[in-house]
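I have placed the structure first, in the form of structure tokens, so that the comments after it can refer back to it.
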Amino acid sequence: MSLGQPKDGIYATPLEKIVDFKFDEKVASVFPDMIRRSVPGYATIITTIGVMAERFFVPGSTCYDLGCSLGAATLVMRQRLSGKPGRIIAVDNSEAMIARARELLVNEADCLPVELRCADLRAVPIENASVVVLNFTLQFIPAADRARVIQTIYDGLRPGGILILSEKIAFDDPHKAELFSDLHHAFKKANGYSDLEVAQKRAALENVLIPETVVQHRDRLRSCGFSNVDVWFQCFNFASILAVK
Ligand code: GEK
């Protein structure tokens, strides 16, 4: 993404009270730097979303990027699918994210048109889809609503269409959970975050980002009807699943 990338220092100084994490203007303004330094494999996942979109896109169909933030996945799909007939619908319920995405994703000739919507993804109908992306978004949806979201996506996909679901993941085995959490902490430190920043961000996300195990995701995807469900990427406690209808 061609952004001068301001550095994320949101949790760099001690805060009197840690409030729940919000995707507001402050976060949107540093988002590319924040996600690159916080999510192991993020750049690889974005590039590979483009590769998978190219493989599964059907001319005349729609790609969805749900919880698009600044539109990194939309941008890569648009590049890989350039010249083909179809469209991308990119949705986020953060006005700050959508306002910035609008500046970054100006429609260009020969590119798949992008329709940006500021909306709750739970209210967005999915129709005639060949590719749906939930890249680190489902984890922010209340657990009780997740099955309905996945079912809506399944129902709106064409046969052979795909859902790419990337998530921070939990582990039943407490040793594994601790190991991968420690390694994630080390990854963030290696990327220049201090212990204070890691600790304050973790507290801010505690009630907001609720991870589930790969087994929970796989069971839900299968019970909604997906036939092939494979983890195609994992680094520590971050994974991405390819689910085919
Ligand atoms: C990327 N996919 O760069 N409806 C719509 N959007 C939502 C909702 C909701 N109910 N809840 C949260 N969001 C992006 C990264 S970030 C992941 C996704 C992260 C949005 C929220 O506003 C935010 O922009 C996004 O989901 C999650 O590939 O920051 O860890």
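None of the figures in this text is laboratory data; all of them are computed from the coordinates on show. Being a predicted model, the structure only gives us computed values, none of them experimental. Positions of Cβ are backbone-derived with ideal geometry, glycine not excepted, and every protein chain shown enters the neighbour counts.
Only one of these is near the ligand (Cβ under 9 Å from one of its atoms), touching a Lys or Arg at 6+ places or on another chain (Cβ under 9 Å) and among the acidic types (Asp, Glu): ASP92, ASP8, ASP33. Name it.
Values: ASP8 fails: near the ligand (Cβ under 9 Å from one of its atoms); ASP33 fails: near the ligand (Cβ under 9 Å from one of its atoms).
Criteria check complete, one pass: ASP92.
I want to confirm something. Restricting to segment 74-107 and keeping residues that are within 18 Å of GLU54 (Cβ to Cβ) and among the charged types (D, E, K, R), which single residue is surrounded by the most Cβ atoms within 10 Å (Cβ to Cβ)?
That would be ARG78.
Quick test of your reading of the structure: ASN128 fulfils all but one of (1) buried (at least 20 other Cβ atoms within 10 Å of the Cβ); (2) more than 11 Å from the ligand (Cβ to nearest atom); (3) farther than 19 Å from PHE233 by Cβ. Name the failing condition by number.
Unmet for ASN128, out of (1) buried (at least 20 other Cβ atoms within 10 Å of the Cβ); (2) more than 11 Å from the ligand (Cβ to nearest atom); (3) farther than 19 Å from PHE233 by Cβ: (1).
Looking at ARG122, ARG87, ARG100, ARG55, which is the one that is without any contact (Cβ under 8 Å) to a residue 40 or more places away in the chain, within 15 Å of the ligand (Cβ to nearest atom) and basic (Lys, Arg)?
ARG122
Residues of segment 184-227 being exposed (fewer than 13 other Cβ atoms within 10 Å of the Cβ), not in a loop (DSSP other than H, G, I, E, B) and not hydrophobic (A, V, I, L, M, F, W, C), which ones?
Correct list: ASP195, SER223.
Those residues that are out of contact with any strand residue (DSSP E or B) (no Cβ under 7 Å at 6 or more places or on another chain) and closer than 24 Å to VAL27 by Cα, I need them from segment 67-97; list them, please.
Pass one, segment 67-97, residues out of contact with any strand residue (DSSP E or B) (no Cβ under 7 Å at 6 or more places or on another chain): 70, 72, 75-76, 79-85, 94, 96-97.
Within segment 67-97, LEU70, ALA72, LEU75, VAL76, SER94, ALA96, MET97 qualify.
Of all residues in segment 144-163, which are in contact with a helix residue (DSSP H, G or I) (Cβ under 8 Å, 6 or more places away or on another chain) and surrounded by fewer than 17 Cβ atoms within 10 Å (Cβ to Cβ)?
If the condition is that a residue be in contact with a helix residue (DSSP H, G or I) (Cβ under 8 Å, 6 or more places away or on another chain) and surrounded by fewer than 17 Cβ atoms within 10 Å (Cβ to Cβ), then ASP145, ALA147, ARG148, GLY160 are the ones that fit.
Being within 13 Å of the ligand (Cβ to nearest atom) and crowded, with 18+ Cβ neighbours inside 10 Å is the filter here; which residues of segment 131-143 pass it?
Those that are within 13 Å of the ligand (Cβ to nearest atom) and crowded, with 18+ Cβ neighbours inside 10 Å: VAL132, VAL133, LEU134, ASN135, PHE136, THR137, LEU138, GLN139, ILE141.
Does segment 164-171 contain at least one residue that is of a type in the set (Lys, Arg), closer than 21 Å to ALA239 by Cα, within 16 Å of the ligand (Cβ to nearest atom) and surrounded by 14 or more Cβ atoms within 10 Å (Cβ to Cβ)?
To start, the set of residues in segment 164-171 that are of a type in the set (Lys, Arg) comprises 168.
Checking which are closer than 21 Å to ALA239 by Cα leaves us with 168.
Still in the list and also within 16 Å of the ligand (Cβ to nearest atom): 168.
Keeping just the survivors that are surrounded by 14 or more Cβ atoms within 10 Å (Cβ to Cβ) gives 168.
Scanning segment 164-171 turns up at least one residue that is of a type in the set (Lys, Arg), closer than 21 Å to ALA239 by Cα, within 16 Å of the ligand (Cβ to nearest atom) and surrounded by 14 or more Cβ atoms within 10 Å (Cβ to Cβ).
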